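Taking it in order: structure first as structure tokens, then the write-up.
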Amino acid sequence: MPQNLLASFSNPRILIIDDEQLFRDAVSDYLKEQGFKTHTAANGRSGLEAFQKFAPHAVLVDLRMEEVDGLEVVASVVKESPETPCIVVSGTGVLQDAIEALRIGASDYVTKPVQDLEALVHVVRRCLERARLQQENRLYRERLEEQVTQRTAELRSRTMELEEVNSKLLAEITERKRVEKLIAKAKKEWETTFDSVSDHVSIVGPDFRFLRVNKTLAAHHGMHPREMIGMLCLGIIGCMDLGASICPHKTFIEEAGKSAREQIIHCQELDQWDYLSTTPLYNDGEYIGTLLVYRDVTERVRTEKALKESENRFRLLAENATDMVTRLSPGGDFIYVSPSCQTILGFAPQTLVGKSLFDFIHSDCTSKAAACLREETCRFVCRMHTISDAYVWLDISTKLLRDAKTGVILEVQASSRDITEAIHAQEALQRSNEKFSKAFHTSLDGFAIVNIDNATVLEANPSFAQTLDLDHGKLVGMSLESLPCWLTKADQQRLRRELDDKREVRDFEAILHTLGGEEVFVQLSASFLELQQEPCIIYSLKNITSQKLAEKEIKFMAMHDQLTGLPNRRLFLDRFEQTLNRARRYGEKACLMFVDLDAFKEINDEMGHQIGDAVLKETAMRLEKCVRKSDTVARIGGDEFVLILGGQVEAQQVENVARKITRELSKDIVAFGYQCAISASIGISLFPGDGQSLDVLMQKADAAMYQAKKAGGDMFLFYSFDTAPPQSTAFS
């Protein structure tokens, strides 16, 4: 059933054969927006009937369909209308079938799910264009063959007539020239087509040298087509010009004379995917060359791989999740069911695919489930029957997946968690009120049941009242949210949002302030329950004040020197970096001082470590008195201290501080009845004059300190940036 693409190419008809209505509708709507006419069919049999009826210009066909599958459809279309392009659109799991479809005549292959409909339209247009060119070529060949046959017969007739009438010779020559002009015209048309295609097209001889190249190929290499004639093609295709020892492009082209072939080849050196096609050319049975087509298909291959990886990631997540992960059509039919379905419901996942969600959930849940299929995100609890006709309780969360351009709902993704045990536990709790009450009132953790509507405390155990520092007898009947020792308004709102969203809250941390002004750290859990047919919230309150104080102390010890209480090297580096960042941002100056005690080793060795530690503590206190509270004094090891002065500090101010430190540290220290004489060597570097980075400033301050100590100690030195070798300026 050939069709005239040339006559109606401006308004082509597309037949979409696919058993997924969502896909058919989405693709049909998008093609119509792009100016196409579309017809759809839900299976292969109705698709072939539509093909006979509407004579489409191109067919989009899914491979996996009941009754008549996609391969049979492709074979039928190719047999009846070889020029009508068939584009296979199917999942990555049927790759071998897709290859078979291409072998029997399919024009192209696109994987599902199709995330980019624009790319699909591009494939359709490209296949239509190729079909149009093929039909033009066929029509031209038919016309040419017809003309040649006709003219050959005429020439033979005139040859016979030449023997009888010599006068007809001139007319015969004229007719022959006319035929030659037609041939020349046909050749010109072929050359135009050859040069106008976007692929790299060439004709290479048996020696693999170019006999002809199109403009696209020549322009890619920055040459004129005539300049490439005679060049060896094996040196400019793919990775062959990189000197690769093994090049798949070369191997493919070297077998060009054997048969028509096509292949997608990966070039490792260029990280590029290339499509190559070769068609042997013969003249009177003799091989004269090959038509070589080359195209970069890297983006297409990468897109297909990305789609496949995305699908694999989803399946990996779904197939290893303990929750049951499902994908539903907008109408509620199962598209995919994860393996955990077997554990939760007892059904094999594949037995649910294609069936409706509403066939399995309890009738009480039908309206809520239907509403959730239309909401962007939704969460509800329902009962679903199992393979043994029992029911399990599921906590189901849903999310809509829409088309990025049209906003059409493509599918609904759902995650279902088995909460049967929790539901049964709640029911058991209600049936065992006496046991619950005993555990409730004797628990070391605080528990309270609060009415949702008015926040009135219906029940509370002694531990709950003790944590709030309230009288247990007076707590019942009070409004919990109005108590000054309860959560702040902000914490109450945050807790309620999480509770409404998740139905329960675990390990919610907050700070309470008792009526006595004491700060109490608590860990709070809350969940909904129904008590005597009234909606309530049960709170679990655990006092974690000791734990928090211990964590705070551990954090302090990690950042401070245990002997002096000063910041340690770690905290010093952090504060110094902050000071430099502020100085850079606001154009300020900053100062770094290295302070090293003179002769401290002798004190430590001669008088013992206990006295040495006392000297270090006293030194730390004196250093802190010499600077502002905004400045930092840190001990970075042994008898080494560092000071950070920021906030637009000038050299004169630094000098004043250094003088003060030198003076304070030159005073004797009395420790355990011993009088210890100490002094200090101080090295100073300034930002930005002495350096722009923390490391440079530390090195220069250390160098200045070393020079001060070398000069006899009990002094301070500034590092001088603009002299070489480095010198220092002393202030006594």
**OP:** Collect the residues in the range 460-514 that are without any contact (Cβ under 8 Å) to a residue 40 or more places away in the chain and part of a strand (DSSP E or B), keeping them in residue-number order.
**Re:** ALA460, SER479, GLU504, VAL505, ARG506, ASP507, PHE508, GLU509, ALA510, ILE511, HIS513
Original post:
Looking at ILE611, ILE636, ILE661, which is the one that is touching a Lys or Arg at 6+ places or on another chain (Cβ under 6 Å) and either within 23 Å of LEU717 (Cβ to Cβ) or in a helix (DSSP H, G or I) (or both)?
Top reply: ILE636
**OP:** Considering each of ASP403, ASP395, ASP389 in turn, give the residue that is in the same structural domain as ASP333 (by TED's automatic domain parsing), modelled with pLDDT under 85 and either over 25 Å from ARG24 (Cβ atoms) or touching a Pro at 6+ places or on another chain (Cβ under 7 Å) (or both).
**Re:** ASP389
**OP:** Could you please let me know if LEU120 is modelled with pLDDT of 85 or more and either within 30 Å of ARG176 (Cβ to Cβ) or in the same structural domain as ASN11 (by TED's automatic domain parsing) (or both)?
**Re:** yes
Subject >> Residue list for the range 663-695, filter: more than 16 Å from MET621 (Cβ to Cβ) and among the β-branched types (Val, Ile, Thr) >> reply: ILE682, ILE684
Original post:
Picking from GLN147, GLN134, which residue would you name as being assigned by TED's automatic domain parsing to the domain that holds ILE87 and of a type in the set (S, T, N, Q)?
Top reply: GLN134
**OP:** Please list, ordered by first then second residue, the pairs with beta carbon atoms under 6 Å, 6 or more apart or interchain, first in the range 199-217 and touching a residue at least 40 places away in the same chain (Cβ under 8 Å) and acidic (Asp, Glu), second assigned to a strand (DSSP E or B) and crowded, with 16+ Cβ neighbours inside 10 Å.
**Re:** ASP199/VAL293; ASP199/ARG295
**OP:** Determine if the range 83-104 includes at least one residue that is surrounded by 20 or more Cβ atoms within 10 Å (Cβ to Cβ), in contact with a helix residue (DSSP H, G or I) (Cβ under 7 Å, 6 or more places away or on another chain), at pLDDT 90 or above and under 27 Å from ARG402 (Cβ atoms).
**Re:** yes
Subject >> Residues that are more than 17 Å from ALA390 (Cα to Cα) and in contact (Cβ under 8 Å) with a residue 24 or more places away in the chain, drawn from the range 353-368 >> reply: SER356
**OP:** Take the residues in the range 115-158 that are more than 30 Å from VAL408 (Cα to Cα) and of a type in the set (A, V, I, L, M), then tell me which one is surrounded by the most Cβ atoms within 10 Å (Cβ to Cβ).
**Re:** ALA131
**OP:** Considering only the range 528-551, state which residues are farther than 15 Å from VAL457 by Cα and either of a type in the set (A, V, I, L, M) or at pLDDT 75 or above (or both).
**Re:** LYS542, ASN543, ILE544, GLN547, LEU549, ALA550
**OP:** Please work out if GLY517 is modelled with pLDDT under 90, assigned to a loop (DSSP other than H, G, I, E, B) and not assigned by TED's automatic domain parsing to the domain that holds ALA711.
**Re:** yes
**OP:** Pick out the one residue from VAL654, VAL627 that is part of a loop (DSSP other than H, G, I, E, B) and closer than 16 Å to PHE594 by Cα.
**Re:** VAL627
Original post:
Is one or more of the residues making up the range 629-637 over 54 Å from the mean Cα position of the chain (by Cα), closer than 26 Å to GLN699 by Cβ and surrounded by 22 or more Cβ atoms within 10 Å (Cβ to Cβ)?
Top reply: no
**OP:** Filter the range 199-221 down to residues that are of a type in the set (Gly, Ala, Ser) and in contact with a strand residue (DSSP E or B) (Cβ under 8 Å, 6 or more places away or on another chain), then give me how many there are.
**Re:** 2
Subject >> Hits in the range 643-658 (condition: over 16 Å from PHE718 (Cα atoms) and either surrounded by fewer than 21 Cβ atoms within 10 Å (Cβ to Cβ) or touching a His at 6+ places or on another chain (Cβ under 8 Å) (or both)) >> reply: GLY647, GLN648
Original post:
Does ARG176 satisfy being in contact with a Leu (Cβ under 7 Å, 6 or more places away or on another chain), part of a helix (DSSP H, G or I) and touching a residue at least 12 places away in the same chain (Cβ under 8 Å)?
Top reply: yes
**OP:** From the list LEU444, LEU487, pick out the single residue that is in contact with a helix residue (DSSP H, G or I) (Cβ under 7 Å, 6 or more places away or on another chain), modelled with pLDDT under 80 and loosely packed, with under 13 Cβ neighbours inside 10 Å.
**Re:** LEU444
Subject >> Top-ranked residue of the range 671-693 - restricted to ones that are polar (S, T, N, Q) and part of a strand (DSSP E or B), ranked as farthest from ALA583 (Cα to Cα) >> reply: GLN675
Original post:
Within the bounds of the range 714-725, is there any residue that is over 60 Å from the mean Cα position of the chain (by Cα) and at pLDDT 90 or above?
Top reply: yes
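The values are calculated or read from the model by the stated rules, or taken from the named source; none is laboratory data. Worth saying up front: this structure is predicted, and the values here are computed from it rather than measured. Here Cβ is always computed from backbone atoms with ideal geometry, including for glycine, and neighbour counts include all displayed protein chains.
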